[in-house]
Amino acid sequence: MRIGIDVGGTNTDAVLMDGRTVVGWAKSPTTSDVSSGITNVLSKILADTQAAPESITAVMLGTTHFTNAVVERRSLSRTAIVRIGLPATAALRPFVDWPKDLVEAIGGASYLVHGGYEFDGRLIAPLDETEIRAVARQIHAAGIDCVAVSGVFSPVNPDQEQKVAELLAAEIPGVRISLSHEIGRIGLLERENAAIMNACLVHLAERIVNSFRNALRTLGIQAPFFISQNDGTLMSAEFVEKYPVLTFASGPTNSMRGAAFLSGLKDAVVVDIGGTTSDVGVLTNGFPREASIAVRVGGVRTNFRMPDVLSFGLGGGSHVQPEPLQVGPQSVGYELTSRALVFGGNDLTATGVSGQQDILADIASL
């Protein structure tokens, strides 16, 4: 038997399957530490179905935490970007097209060093190890341990990015490094943006994966666990810790794959409405259609593998501000039942707004 778990910003859901048969399901509010929310929902489903922990052969987890962190500008680590490209690429510096609040959320430290390649692999300039070590010491002095490295045409030749990573690791103890050629495609700015996004999420990824591990260990489930990625397939927990950006849009792609399974349709449009975001995507032959152009995530253009999904910060827990009218992107998330006005709290949310009369009544009660 296998268990599938979806950890959203508001609720955590679990389904137990025996082959292709749904044996049982459970829902529990997501918790701030993630782990206890997973433990609660697993305990409930095991109790309801009387399934023994040792009978579970695999656990698959999906989470929107990483997308939500970027959308809401929280739980992000301070991150530096080292671009290899001087004397070229200085006209458009890193973060040039980023929303100001997101740059502020991750610190926005950027450094340009000499190096890079032409499109055919010829050198723009050789690396200067003294220059790179000096940059590494500045990053370390600033207390930053998450670094993205991007080089001009590094997908053609990744050698310089890899060498810079070695030099950074030698100067910054415990540094987490994201290399752009491992994440994005040819376009420098979009690929660089994707690497920065990945780097600022690495600490969050480690915390969430450890929460998953602890929850399974607490219940005596020894089965291997996997985390869904945004092409509708799975990856190991260790891979997620290094490449959390690949979970972006995995929430809606899980819904799309689930819709294909339950409906028997392989080509369809699927709408996934969660607690923090709403997402619209397209199924093609049973799998999410991949975007063929740059995709914006949290207002930032990226060019790594992403499903063709329209996402916006509107979900059941989204804040509704009456004057001036604004809905989201901030959400009460897992605190919906304690903070939302419709549940006796003080925050007007989309859950409590189903029509004009509801809006007027909610506003009047504030």
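Some notes on this structure:
- The listed residue being assigned to a loop (DSSP other than H, G, I, E, B) and surrounded by 14 or more Cβ atoms within 10 Å (Cβ to Cβ), out of Ala125, Ala165, Ala169: Ala125
Quick grid of which residues meet (1) small (Gly, Ala, Ser); (2) within 30 Å of Ala47 (Cα to Cα); (3) under 19 Å from the mean Cα position of the chain (by Cα); (4) surrounded by fewer than 17 Cβ atoms within 10 Å (Cβ to Cβ):
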| position | (1), (2), (3), (4) |
| --- | --- |
| Gln160 | no, no, no, no |
| Pro173 | no, no, no, yes |
| Asn210 | no, yes, yes, yes |
| Leu219 | no, yes, no, yes |
| Thr233 | no, yes, yes, yes |
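- Scanning region 343-366 for residues that are modelled with pLDDT of 80 or more and not in a helix (DSSP H, G or I), we see that the one that is surrounded by the most Cβ atoms within 10 Å (Cβ to Cβ) is Thr349.
- Residue tally, condition within 20 Å of Asp13 (Cα to Cα) and touching a residue at least 24 places away in the same chain (Cβ under 8 Å), over region 333-351: 5
- Conditions (1) farther than 19 Å from Glu131 by Cβ; (2) in contact with a strand residue (DSSP E or B) (Cβ under 6 Å, 6 or more places away or on another chain); (3) among the hydrophobic types (A, V, I, L, M, F, W, C): number failed by Met197: (2)
- Selection within region 48-66 - of a type in the set (A, V, I, L, M, F, W, C) and under 16 Å from Asp13 (Cβ atoms): Val59, Met60, Leu61
- Check on Arg93, of a type outside the set (Val, Ile, Thr), surrounded by fewer than 18 Cβ atoms within 10 Å (Cβ to Cβ), at pLDDT below 90 and outside any helix (DSSP H, G or I): no
- Scanning region 128-162 for residues that are on the phi < 0 side of the Ramachandran plot and part of a loop (DSSP other than H, G, I, E, B) yields Asp128, Ala142, Ile144, Asp145, Val152, Ser154, Pro155, Val156, Asn157, Pro158.
- If you go through region 55-64 and keep only what is within 16 Å of Gly315 (Cα to Cα) and outside any loop (DSSP other than H, G, I, E, B), you end up with just Thr63.
- Residue list for region 272-284, filter: in contact with a strand residue (DSSP E or B) (Cβ under 6 Å, 6 or more places away or on another chain) and over 19 Å from Val297 (Cβ atoms): Leu283
- In the condition set (1) touching a residue at least 40 places away in the same chain (Cβ under 8 Å); (2) touching a Pro at 6+ places or on another chain (Cβ under 7 Å), Ile38 is compliant with all but (2).
- Test: residue in region 122-145 that is within 24 Å of Arg78 (Cβ to Cβ) and under 23 Å from the mean Cα position of the chain (by Cα): yes
- Residues of region 86-100 that are farther than 15 Å from Asn193 by Cα and not aliphatic (A, V, I, L, M): Pro87 alone.
- Criterion violated by Asp48 - all others in (1) surrounded by fewer than 17 Cβ atoms within 10 Å (Cβ to Cβ); (2) assigned by TED's automatic domain parsing to the domain that holds Gln160; (3) touching a strand residue (DSSP E or B) at 6+ places or on another chain (Cβ under 6 Å) satisfied: (2)
Conditions (1) part of a loop (DSSP other than H, G, I, E, B); (2) crowded, with 23+ Cβ neighbours inside 10 Å; (3) in contact with a Cys (Cβ under 9 Å, 6 or more places away or on another chain); (4) modelled with pLDDT under 90, marked per residue:
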| position | (1), (2), (3), (4) |
| --- | --- |
| Gly4 | no, no, no, no |
| Val15 | no, no, no, no |
| Ser28 | no, no, no, yes |
| Phe66 | no, yes, no, yes |
| Leu76 | yes, no, yes, no |
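- Candidate set from region 235-250 (those that are part of a helix (DSSP H, G or I) and among the hydrophobic types (A, V, I, L, M, F, W, C)); member that is surrounded by the fewest Cβ atoms within 10 Å (Cβ to Cβ): Phe239
- Any hit, region 103-117, residues being more than 17 Å from Asn214 (Cα to Cα), surrounded by fewer than 17 Cβ atoms within 10 Å (Cβ to Cβ), in the same structural domain as His140 (by TED's automatic domain parsing) and in contact (Cβ under 8 Å) with a residue 40 or more places away in the chain: no
The values are calculated or read from the model by the stated rules, or taken from the named source; none is laboratory data. Not measured: the values here are computed from a predicted model. Don't worry about glycine lacking a Cβ; one is built from the backbone with ideal geometry, like all the others, and counts go over all protein chains shown.
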